[in-house]
1. Could you check how many residues of region B:170-203 are out of contact with any helix residue (DSSP H, G or I) (no Cβ under 9 Å at 6 or more places or on another chain) and part of a helix (DSSP H, G or I)?
2. Looking for something in a helix (DSSP H, G or I), of a type in the set (Gly, Ala, Ser) and either under 21 Å from the mean Cα position of the chain (by Cα) or more than 23 Å from A:ALA199 (Cα to Cα) (or both) - is there at least one such residue anywhere in region A:139-157?
3. Within region A:42-82, which residues are within 12 Å of the chain's Cα centre (by Cα) and surrounded by fewer than 24 Cβ atoms within 10 Å (Cβ to Cβ)?
4. Being of a type in the set (Gly, Ala, Ser), away from every other protein chain (no Cβ under 14 Å), touching a residue at least 24 places away in the same chain (Cβ under 8 Å) and within 14 Å of B:GLU228 (Cβ to Cβ) narrows it down to one residue among B:ALA165, B:ALA171, B:ALA196; which is it?
5. When you check B:SER151 against the structure, is it in contact with a Pro (Cβ under 8 Å, 6 or more places away or on another chain) and within 21 Å of B:LYS95 (Cα to Cα), yes or no?
6. List pairs: first in region B:1-24 and small (Gly, Ala, Ser), second surrounded by 15 or more Cβ atoms within 10 Å (Cβ to Cβ) and assigned to a helix (DSSP H, G or I), Cβ under 6 Å, 6+ apart or cross-chain?
7. Kindly provide the set of residues from region A:281-308 that are more than 14 Å from chain B (Cβ to nearest Cβ), surrounded by 14 or more Cβ atoms within 10 Å (Cβ to Cβ) and assigned to a helix (DSSP H, G or I), ordered by number.
There are 2 protein chains.
Amino acid sequence: MAQEILISEVGPRDGLQNLKRVVPLEVKKRWITGEAAAGVREIEVGSFVNYKALPQMADTAALVAHGRTMPGLTVAALVPNQRGAEAALEAGAHKISLPLSVSETHSVRNVKRTHVQMLDEVRAIRKTIDALPAERRPYFEVGLSTAFGCSIEGHVPVETLSRLAGAAIEAGAEEVGLSDTTGYADPGSIRTRLRAVRAVVGDQRLTGVHLHNTRGLGLANALAALDEGITTLDASLCGLGGCPAAPGASGNIVTEDLAFMLAAMGYETGIDIDRLLTLRDILQDAIPEEPLYGFLTDAGLPKGFAMHERAA
Amino acid sequence: MAQEILISEVGPRDGLQNLKRVVPLEVKKRWITGEAAAGVREIEVGSFVNYKALPQMADTAALVAHGRTMPGLTVAALVPNQRGAEAALEAGAHKISLPLSVSETHSVRNVKRTHVQMLDEVRAIRKTIDALPAERRPYFEVGLSTAFGCSIEGHVPVETLSRLAGAAIEAGAEEVGLSDTTGYADPGSIRTRLRAVRAVVGDQRLTGVHLHNTRGLGLANALAALDEGITTLDASLCGLGGCPAAPGASGNIVTEDLAFMLAAMGYETGIDIDRLLTLRDILQDAIPEEPLYGFLTDAGLPKGFAMHERAA
């Protein structure tokens, strides 16, 4: 049996949050439907933020509802605070993710809160979740943003990262993830920081990473993470992505190229790559002014490439 | 002490051989001078082929002579056969590389010779080299093209690869390299094929790989090769590259991005990345119609990135 790796599609959230043009709800629905049909098992459909500041995300509740109609799909949403979490619970998200930025400057700029204030949010969210009946409780993850460096603060000490990871788990997150918000990670820092954090929280509390391809190392970093036993990788169709509060942050790793790398290595992702590639048209039509990334779409699969043989 | 990794710049050969526009000798010289000044220690300056078929390479002897004026630079050249090798020796190349394609169809199309005929060339070249005085003998490598698959034949058996590698060493090559001519490699096949070939020829006879980024896995593949103990990586400024005889073959891994990945991981390459990035202008001016690849040039180095600290 091939090992399973979960590709979590974050394009509808991370890919769109930076764009000026608001993508219509119907287009986002088609995108999500298409990804689920191509075998993607988890999609972050949006974020429950202040919609006046980020109108792109105003339809997140509708997208959660839409995602919940896809059988087997885990519907994830980002929440910046307890109020956002309540909206996500109300909408029925299966998984919520709170960004806790290791760079406090970035945290304040991104979600207007310090580390101490964000840990208070974690505790409040935990309490809200625990008050729900068991079958309605979402999985609660804290995403440690700027875990590999910050384009405002520069170097981010590994000690701060590990301490915050431990504090987030203690405050009630089920899991922490490491996010390379700024594209500063390299395979070496992926290894050392995963090990440092896991030494504090344990392997089961850190199974996923969120990588950007800003400096072209995205898939090399993904490989380093896989070698460390990471089993969930965020990625974005066409590599869309960026963070409004982190200058210079650009595209996520490309879902299509990552799916190809994993299939070639014999991992099982459940994704039909040919089908996934057809979805690029949706974005090309909806946001023609945006650069779309990815190599596989031009190159195609290697001659004779058979996914089922590799996974066997 | 940081481990040294050799980046071998192949742009002037692999990057240009596919282009219609012939780049003037003076431009190539500026490029080579600039790379050497940026700390690149080995450059493949061209190939000794039939210049009527490939006029881009007609100035290779002049470029070898130019390269030899750069202190400490290893001047490499590709040769398709014994006749080319003689021209390379005459010109004074420090290193010659003969492509032996594991896909025999590709070999016949690329250099008009079967495996048996190419092994005869290896023996003839060895004899020619051994007839020289010791101080004039170049290092002789056989590059195993299509080592990870062929866009004409498709799958290329690992047994054929290992057998040819062993035969090339027996016929007189000092070393073999594995070339992913078509961009079919993945980190898994990098590992298994390096191990399979090294089991036949020994670790010291296989220290380098030549990777293309056709499907975006170039740096992930480079990482897998580094993990296997590979110490020489071919790359090309701006990722230029391709093979006239392999349909769909496209760009090499990008020298700038690779140099960044290695520096970030604490390897020593001798390369001044900021200086390297300034050389992109030479190509932008000389071949404005060609797509130039690479992420680092837009993103820049991470804030506070200090190469000397990492290598310490």
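The values are calculated or read from the model by the stated rules, or taken from the named source; none is laboratory data. As the structure is a prediction and not an experimental result, all values here were calculated from the model. All Cβ positions, even for glycine, are placed from backbone atoms using ideal geometry, and neighbour counts span all protein chains on display.
1. To start, the set of residues in region B:170-203 that are out of contact with any helix residue (DSSP H, G or I) (no Cβ under 9 Å at 6 or more places or on another chain) comprises B:177, B:179, B:195, B:203.
Remaining after also requiring part of a helix (DSSP H, G or I): B:195, B:203.
The qualifying residues number 2.
2. If we filter region A:139-157 for residues that are in a helix (DSSP H, G or I), which is where we start, we get none.
Within region A:139-157 (the criterion being in a helix (DSSP H, G or I), of a type in the set (Gly, Ala, Ser) and either under 21 Å from the mean Cα position of the chain (by Cα) or more than 23 Å from A:ALA199 (Cα to Cα) (or both)), the answer is no, since none of the residues qualifies.
3. Hit for region A:42-82 is A:GLU42, nothing else.
4. Working: B:ALA165 fails: within 14 Å of B:GLU228 (Cβ to Cβ); B:ALA171 fails: within 14 Å of B:GLU228 (Cβ to Cβ).
Just one listed residue meets the conditions, B:ALA196.
5. On the way: in contact with a Pro (Cβ under 8 Å, 6 or more places away or on another chain): yes; within 21 Å of B:LYS95 (Cα to Cα): no.
So B:SER151 fails the test.
6. B:ALA2/B:ALA311; B:GLY11/B:LEU237
7. A:ILE282, A:LEU283, A:ALA286
Residue-by-condition table, conditions (1) touching a Pro at 6+ places or on another chain (Cβ under 8 Å); (2) closer than 18 Å to A:SER151 by Cα; (3) charged (D, E, K, R):
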site	(1), (2), (3)
A:ASN213	no, yes, no
A:LEU217	yes, yes, no
A:MET261	yes, no, no
A:ILE273	no, no, no
A:LEU276	no, no, no
